[in-house]
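The values are calculated or read from the model by the stated rules, or taken from the named source; none is laboratory data. For clarity, every value in this text was computed on a predicted model and none was experimentally measured. No Cβ is skipped: glycine too gets one built from the backbone with ideal geometry, and neighbour counts run over all protein chains shown. For accessibility, only protein heavy atoms count, side chains too; no ligands or nucleic acids. Shrake-Rupley method; radii C 1.70, N 1.55, O 1.52, S 1.80 Å.
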There are 4 protein chains.
Amino acid sequence: MEGAGSQNSHGYSRNEQEIDNLNPNFMSTQEKIYDVTTYGRSSIDLYSQEVGAPFEKIPGFHAFVGGSPLNIAVGCSRLGLKASLLTGVGKDKVGDFILHFLKEEGVICDHIPVIEGARSSAVVLGIEPPDRFPLVYYRDNCADSQISIDHVLEAGIEKSRLLEVSGTALNMEPSRSSAFLAAEIAQRNSVPVLLDLDFRADQWHDIRAFGITSRAFMRNVNLVLGTEEEILAAYIKDESQLNISHQQISAPEIKGDINEAIKGILKLGVEALIVKTGSRGAMVYQTDGSKVEVPGFPVEVVNILGAGDAFAAGFIYGFLKGWDLYKSCRMGNACGAHVVTQLGCANFTPYEKDILEFIESKGGF
Amino acid sequence: MEGAGSQNSHGYSRNEQEIDNLNPNFMSTQEKIYDVTTYGRSSIDLYSQEVGAPFEKIPGFHAFVGGSPLNIAVGCSRLGLKASLLTGVGKDKVGDFILHFLKEEGVICDHIPVIEGARSSAVVLGIEPPDRFPLVYYRDNCADSQISIDHVLEAGIEKSRLLEVSGTALNMEPSRSSAFLAAEIAQRNSVPVLLDLDFRADQWHDIRAFGITSRAFMRNVNLVLGTEEEILAAYIKDESQLNISHQQISAPEIKGDINEAIKGILKLGVEALIVKTGSRGAMVYQTDGSKVEVPGFPVEVVNILGAGDAFAAGFIYGFLKGWDLYKSCRMGNACGAHVVTQLGCANFTPYEKDILEFIESKGGF
Amino acid sequence: MEGAGSQNSHGYSRNEQEIDNLNPNFMSTQEKIYDVTTYGRSSIDLYSQEVGAPFEKIPGFHAFVGGSPLNIAVGCSRLGLKASLLTGVGKDKVGDFILHFLKEEGVICDHIPVIEGARSSAVVLGIEPPDRFPLVYYRDNCADSQISIDHVLEAGIEKSRLLEVSGTALNMEPSRSSAFLAAEIAQRNSVPVLLDLDFRADQWHDIRAFGITSRAFMRNVNLVLGTEEEILAAYIKDESQLNISHQQISAPEIKGDINEAIKGILKLGVEALIVKTGSRGAMVYQTDGSKVEVPGFPVEVVNILGAGDAFAAGFIYGFLKGWDLYKSCRMGNACGAHVVTQLGCANFTPYEKDILEFIESKGGF
Amino acid sequence: MEGAGSQNSHGYSRNEQEIDNLNPNFMSTQEKIYDVTTYGRSSIDLYSQEVGAPFEKIPGFHAFVGGSPLNIAVGCSRLGLKASLLTGVGKDKVGDFILHFLKEEGVICDHIPVIEGARSSAVVLGIEPPDRFPLVYYRDNCADSQISIDHVLEAGIEKSRLLEVSGTALNMEPSRSSAFLAAEIAQRNSVPVLLDLDFRADQWHDIRAFGITSRAFMRNVNLVLGTEEEILAAYIKDESQLNISHQQISAPEIKGDINEAIKGILKLGVEALIVKTGSRGAMVYQTDGSKVEVPGFPVEVVNILGAGDAFAAGFIYGFLKGWDLYKSCRMGNACGAHVVTQLGCANFTPYEKDILEFIESKGGF
């Protein structure tokens, strides 16, 4: 299944539904200067230093950065892609912290505005492995919600080979309209759009607005990525379907009919829906009704934080290599598996060489 | 007024593109209890009593009601349709004024919430005929922008034969997400959706957000209605394209390529785009590339206010009768022509009997 | 109109408590270029044209202007004083309307900023004489709440002989801090400060904040003016003390102990508290414990709107003439009486010549 | 100068101006159940773990709590006083963290509301000793600005022996009006009010509003506490007077005339102004024109953070013991000196026994 890229050197189109046809393969195109532009939130992420401690007894926090599109940009950069991040930071020291980290990682920061009067986002997280991660978002008046139409117009989206958008970027203006415009520009320029659902319940005026807005957005999306919970979230009809315990905003429990939700998304014109299923790997659903299971790489889980974003980075790597969805997801699974053996997020997303060795050591793709 | 309805008794679907196929003809369907639900703004409209006076010398104002979806609901009601208005009013005397007027007109007000803490909208208008109408919107914290997801769920959209949405309802939350949901509910229930572009430049955080949001919304729209200026507004790329002189928010001048804009809209899945061209009548554009001119009824223009909404009411009347788009637009043209001979807005939209006589007197459809 | 001024030619000081000492008498002072600066709200006021009609049946509205400090500035101007109004208007036609009216009346508008992004205030009033006046304020995002510290610094308060502040200007930032600064500047420059309580319950986040803020403000106030209800409002401890029926924001019913409230205000350093008691006239309370009744002028009441502001203008006129508080209040009573025989507000406040004739015709001061 | 408490067992009154008369000495009064209520902000304070590291390279943060009134409450509690904190926390894990710390410290939390829809405050600090501390406030929509009038009414201020208010609490509604009410309640009940100026420039819509509002507040204040910079801040007339470098919000440089500012404050009715002068100790200014220097305790400075709040706690301890201002300030100086030898804030404020030993070791009061 390797080397698909060299064979599928055609342009991209939403009407081509088959798995192998999804390959954009713009590598030879001179006009593309970024492999990927990711769009949305960025933050300083403060992780409890005492693993297992209840939040109120945490003595200190490691200082990392985070936010799904930031993590994905870092992940892509470590895999050797030219990744540009479109986010906003405040005119404050936390903004400096975020930008400094990104530059060290080689992420392209040329299109990140410093927003006067807004604040760089922050997240404070407790860590009670393997899977309890209470978190507190500091996103009131946050800079990354202030991405404007002009910022999008100047971001060079048409010069990217892929646009990745985080669902949280759709929660408020002006970021929301700007994201819709970004997707339009991408479509007009045959740049495939990947939506990472990134459902964060407390960031919406009504949790049902997440699904309403995401569904509208998916009309200009080629690929959708999410956990089962996030896919259910896109079809919440009643607030009682959602349960968040221990303030684990990033790990809600949601009731609903997953098959209906998957079918619904595919009807919106999305070509492929990739469901991240944790240690089990991933599932790929396509409009032709096909459903492919992509097994994960068995590892010992230290913490699951960052696994989803590492998956996305790996998947994008494969997708831009011209690999088919199966192999791209395998690459995503490998990156996710690599991260869960460590304690951290963007900071521990793998480098290209390491992950390819990891895959080989596990028996290959 | 022959029995067109009985001939086109098929269901409605977005894939049926031909003009005659657009007829929803749910008349016989028992579950439909409203002919039309209109969605969006409502206001007390205060019209200068001294026609021709510059604004600062106006001695007094006639008290009417207004707001595009309100006007259309009243117009439909006068034509004999069961029209339900989904808007919001504040807990104030202006809200009482609006509701009192609507009830007198037979508009169904069952789904209009009284929003605590918000204010009923108001508009103050100068009148300098034939075509200068400076106006001031009082829409900060307005009740009609507070239509929530729950209000939509309770509004019985699935029990309507048509959903009409005003573009201004898309400008802010929660009204915007609620409108997107309303359109989804309509589509799921085979209720055709008509979008009246209703561009009001000063109601948007960025005038380009009007087009971005409208275009996203049109994915769930069957019929789009607008003036040439509004269609251009849906494709503004640069603020310099817009010029508003004398605070005539409802009559902007916009530069752009109208043919490109029309083509763009039709690519979004809209079946027909109806362009109101004033005294010249209307143009109907369809996805099959067809373009039909529908002549107006020549009358002496006293003032053009309210003509567009009267057109919409007449068009909806014809559409729900099962008439083709040409005849429906002729009906719209007649209603518009009737209104421009008078000084006012919803208050002077015609009754069924009068407008049919008017049409006959002008030589018929 | 005898030369009281020439007898009391001393400077002004908050420690001088006796009634005759209150006379600022800056007439001869060359540096004073305004007789009075009034500070606070301004609006287009739309008065029902059908007196007695319930609000929902009002056919039209007379267009006037209003807002307590605006009315007082107009009243002072008509009485021959140089009156400067410090308010804000939006960049809209209603702002033009307000400014046009003020200029026609000779009110000094040099310090009225046109605030981009804010809206000129509007008020819509029903009129059901003699005393029911439901009203609706359009004050969300209003321009007159945007008076800034810089606007105050440029307003020439130190060059005024009196500063009048409306209590409503204290309800939100930045107008509130700016008003506190205005009073400080006045005190530093021996410009007496008059606070018109102007209680409008729905303009406060908590009705008790009106009293809290007013009481803090009174530390830099020489003269307080209010109705009995407004004085009680300054000491509301519990929301249940307030009752507003028929949306008569300007005529609340308030329970409380008026004597306690009066005593409380006088303890704050205020030299005189003038209570407007409608047709009965006014009461003057001073820190020395004195209490003087100032009888009104009996007239037939058509409507009471505007009477309070006309009183204030008349009082200021007398005060600046160097008259004692009794005679100044008589002048206020006369102006109030003159207005209640007419239907209107600032528009019907009397001219100097007319009111002096009126007083003479009623037997003089 | 010791033992003053036993001799001055009279009630408290703002008219008694002499230093020895300031002693409230309510210790024997049965109705007082709290020694001190502190009012205002509270936060999780995240301190750089790598002392000296530039902000963008900080690897982690110690988790403490902070906010001037919180620190003072903790300091008082450690000195043996019954300290009640009136602040607000959000319904989030950071709120739990803050409350847990306070309870461990014995601070009375009975009147701390958990505010739905608001967020617990957070502060992120870099540490570059001895005196550069860039910090970032997360205070948009913060819970401690949501202290309402009802919260104040229920807080038992009249049952406290002292009310301490932080100047930052005056920056926005509803906290501001509530603080003004708290001071009124205190004054009515002969509870002395201490204002800690706590100037944080970026927390005000206009930096000059800090002075305007503080000066209005001081009308109901007995004792004012601040650094020289904060006292100058209370009289800023022009934004150019302020300079904040390296985002050191808590250490602004301000130009101005300190003597004028001190005189100004004493004219507002404040009985004593205590100026914290760092390692030099403190200065006490009183309305009688007296000026007393209170020397500090020489220690080796590790970091100055928290010194001001420790001073306040020590001062309050002495004041409530009935000590005169000199000895109370010496106690404050000792507590401040104790803290600067450590790295932290509220966490390192001294216990009663330790500080008394420290003072003795340094030669006593």
Check your understanding: Just wondering, is there one or more residues in region A:60-79 that are part of a loop (DSSP other than H, G, I, E, B) and within 14 Å of chain D (Cβ to nearest Cβ)?
Key -> no
**Study point:** Members of region D:341-365 that are part of a helix (DSSP H, G or I), surrounded by fewer than 23 Cβ atoms within 10 Å (Cβ to Cβ) and of a type outside the set (S, T, N, Q)
**Key:** D:Phe348, D:Glu352, D:Lys353, D:Asp354, D:Leu356, D:Glu357, D:Phe358, D:Ile359, D:Glu360
Study note, to complete from the structure: All conditions in (1) part of a helix (DSSP H, G or I); (2) within 8 Å of another protein chain (Cβ to nearest Cβ); (3) open to solvent by less than 20 Å² (accessible area, probe 1.4 Å); (4) not basic (Lys, Arg) are true of B:Gly95 except (2)
Exercise for review: Kindly indicate the residue of region B:226-240 that is open to solvent by 10 Å² or more (accessible area, probe 1.4 Å) and in contact with an Asp or Glu (Cβ under 9 Å, 6 or more places away or on another chain) and also modelled with the lowest pLDDT among those meeting that condition.
Suggested key: B:Glu239
**Study point:** Residues located in region A:213-225, provided they are open to solvent by less than 10 Å² (accessible area, probe 1.4 Å) and of a type in the set (A, V, I, L, M, F, W, C)
**Key:** A:Phe217, A:Met218, A:Val221, A:Leu223, A:Val224, A:Leu225
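Could you tell me whether D:Tyr326 is closer than 16 Å to D:Val275 by Cα and open to solvent by 40 Å² or more (accessible area, probe 1.4 Å)?
Numbers: closer than 16 Å to D:Val275 by Cα: yes; open to solvent by 40 Å² or more (accessible area, probe 1.4 Å): yes.
Considered against the rule, which asks whether it is closer than 16 Å to D:Val275 by Cα and open to solvent by 40 Å² or more (accessible area, probe 1.4 Å), D:Tyr326 comes out as yes.
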Review point. Within region D:275-320, which residues are outside any loop (DSSP other than H, G, I, E, B) and acidic (Asp, Glu)?
Key: D:Glu293, D:Asp309
Check your understanding: Out of all the residues in region D:343-357, is one or more of a type in the set (A, V, I, L, M), modelled with pLDDT of 95 or more and closer than 16 Å to D:Val224 by Cα?
Key -> no
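For region D:5-19, check the following and say yes or no: at least one residue is modelled with pLDDT of 95 or more, within 22 Å of the chain's Cα centre (by Cα) and not in a loop (DSSP other than H, G, I, E, B).
Going through region D:5-19, the residues modelled with pLDDT of 95 or more turn out to be none.
No, every residue in region D:5-19 fails to be modelled with pLDDT of 95 or more, within 22 Å of the chain's Cα centre (by Cα) and not in a loop (DSSP other than H, G, I, E, B).
Select, from D:Lys32, D:Lys82, the only residue that is surrounded by fewer than 24 Cβ atoms within 10 Å (Cβ to Cβ), modelled with pLDDT of 95 or more and not acidic (Asp, Glu). Step through it out loud before you land on a result.
Working: D:Lys32 fails: modelled with pLDDT of 95 or more.
That would be D:Lys82, the only listed residue that is surrounded by fewer than 24 Cβ atoms within 10 Å (Cβ to Cβ), modelled with pLDDT of 95 or more and not acidic (Asp, Glu).
Yes or no, residue by residue, for (1) open to solvent by less than 20 Å² (accessible area, probe 1.4 Å); (2) within 14 Å of chain C (Cβ to nearest Cβ):
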| position | (1), (2) |
| --- | --- |
| B:Ile147 | yes, no |
| B:Ala155 | yes, no |
| B:Gln187 | no, no |
| B:Val191 | yes, no |
| B:Leu194 | yes, no |
| B:Ala201 | yes, yes |
| B:Gly211 | yes, no |
Exercise for review: For region C:244-256, state whether one or more residues are more than 14 Å from chain D (Cβ to nearest Cβ), touching a residue at least 40 places away in the same chain (Cβ under 8 Å), acidic (Asp, Glu) and open to solvent by 10 Å² or more (accessible area, probe 1.4 Å).
Suggested key: no
Exercise for review: Would you mind stating whether C:Asp206 is acidic (Asp, Glu) and within 22 Å of C:Lys321 (Cα to Cα)?
Suggested key: no
Exercise for review: Considering every residue within region C:203-216, establish whether at least one is within 19 Å of C:Ser43 (Cβ to Cβ) and touching a Ser or Thr at 6+ places or on another chain (Cβ under 8 Å).
Suggested key: yes
Check your understanding: Only one of (1) free of Cβ contacts under 8 Å to residues at least 12 places away in the same chain; (2) more than 20 Å from D:Cys76 (Cα to Cα) fails for D:Ser145. Which number is that?
Key -> (1)
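Identify all residues within region A:30-48 that are among the acidic types (Asp, Glu), in a loop (DSSP other than H, G, I, E, B) and touching a strand residue (DSSP E or B) at 6+ places or on another chain (Cβ under 8 Å); write none if there are none. Write out each step before concluding.
Filtering region A:30-48 for residues among the acidic types (Asp, Glu) gives A:31, A:35, A:45.
Narrowing the set further to residues that are in a loop (DSSP other than H, G, I, E, B) leaves A:31, A:35.
Result: A:Asp35, single match.
Scan region A:275-314 residue by residue and report those that are of a type outside the set (A, V, I, L, M, F, W, C), open to solvent by 40 Å² or more (accessible area, probe 1.4 Å) and at pLDDT below 95. Break it down into steps so the answer makes sense when it comes.
Start the filter on region A:275-314 by keeping residues that are of a type outside the set (A, V, I, L, M, F, W, C), which leaves A:276-281, A:285-291, A:293, A:295-296, A:298, A:300, A:303, A:306, A:308-309, A:314.
Within this subset, residues satisfying the condition of being open to solvent by 40 Å² or more (accessible area, probe 1.4 Å) are A:278-280, A:287-289, A:291, A:293, A:295, A:298, A:300.
Once the filter is applied, which keeps residues that are of a type outside the set (A, V, I, L, M, F, W, C), open to solvent by 40 Å² or more (accessible area, probe 1.4 Å) and at pLDDT below 95, region A:275-314 yields A:Gly278, A:Ser279, A:Arg280, A:Thr287, A:Asp288, A:Gly289, A:Pro298, A:Glu300.
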Check your understanding: Within region D:327-341, is there a residue that is β-branched (Val, Ile, Thr), at pLDDT below 95 and in contact with a Leu (Cβ under 7 Å, 6 or more places away or on another chain)?
Key -> no
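May I ask you to verify whether A:Val136 is farther than 26 Å from B:Asp206 by Cβ, touching an Asp or Glu at 6+ places or on another chain (Cβ under 9 Å) and not in a helix (DSSP H, G or I)?
Criteria met by A:Val136.
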Review point. Hey, does region C:104-122 have a residue that's within 14 Å of chain B (Cβ to nearest Cβ), open to solvent by 10 Å² or more (accessible area, probe 1.4 Å) and basic (Lys, Arg)?
Key: yes
Practice item. Could you list all residues from region C:213-236 that are within 14 Å of chain D (Cβ to nearest Cβ) and either within 18 Å of C:Phe319 (Cβ to Cβ) or out of contact with any Leu (no Cβ under 8 Å at 6 or more places or on another chain) (or both)? Key: C:Ala216, C:Met218, C:Asn220, C:Val221, C:Tyr235
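Working carefully through the options C:Gly296, C:Gly318, C:Gly363, C:Gly289, find the one that is small (Gly, Ala, Ser) and touching a residue at least 40 places away in the same chain (Cβ under 8 Å). Steps first, answer last, please.
Numbers: C:Gly318 fails: touching a residue at least 40 places away in the same chain (Cβ under 8 Å); C:Gly363 fails: touching a residue at least 40 places away in the same chain (Cβ under 8 Å); C:Gly289 fails: touching a residue at least 40 places away in the same chain (Cβ under 8 Å).
Sole residue among the options that is small (Gly, Ala, Ser) and touching a residue at least 40 places away in the same chain (Cβ under 8 Å): C:Gly296.
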Practice item. Pairs only if they're at least six apart or on different chains, beta carbon under 7 angstrom, first in region A:186-210 and of a type outside the set (A, V, I, L, M, F, W, C), second surrounded by fewer than 24 Cβ atoms within 10 Å (Cβ to Cβ) and assigned to a helix (DSSP H, G or I); list them, first residue then second. Key: A:Asn189/A:Glu158; A:Asp206/B:Ile149; A:Arg208/B:Ile149
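Would you be able to say whether some residue in region C:49-58 is in contact with a strand residue (DSSP E or B) (Cβ under 9 Å, 6 or more places away or on another chain), under 21 Å from C:Asp96 (Cα atoms) and at pLDDT 95 or above?
Keep residues of region C:49-58 that are in contact with a strand residue (DSSP E or B) (Cβ under 9 Å, 6 or more places away or on another chain), which gives C:49-55, C:58.
Checking which are under 21 Å from C:Asp96 (Cα atoms) leaves us with none.
The answer is no, given that none of the residues of region C:49-58 is in contact with a strand residue (DSSP E or B) (Cβ under 9 Å, 6 or more places away or on another chain), under 21 Å from C:Asp96 (Cα atoms) and at pLDDT 95 or above.
Do we find a residue being more than 8 Å from chain A (Cβ to nearest Cβ), modelled with pLDDT under 95, buried (at least 22 other Cβ atoms within 10 Å of the Cβ) and not in a helix (DSSP H, G or I) anywhere in region D:124-132? Let's see the steps before the verdict.
The initial filter retains those residues of region D:124-132 that are more than 8 Å from chain A (Cβ to nearest Cβ), namely D:125, D:127-132.
Checking the rest, the ones that are also modelled with pLDDT under 95 come to D:125, D:127-132.
Of the ones still in play, those that are also buried (at least 22 other Cβ atoms within 10 Å of the Cβ) are D:125, D:127.
Cutting the leftovers down to not in a helix (DSSP H, G or I) gives us D:125, D:127.
Yes, the conditions are met somewhere in region D:124-132.
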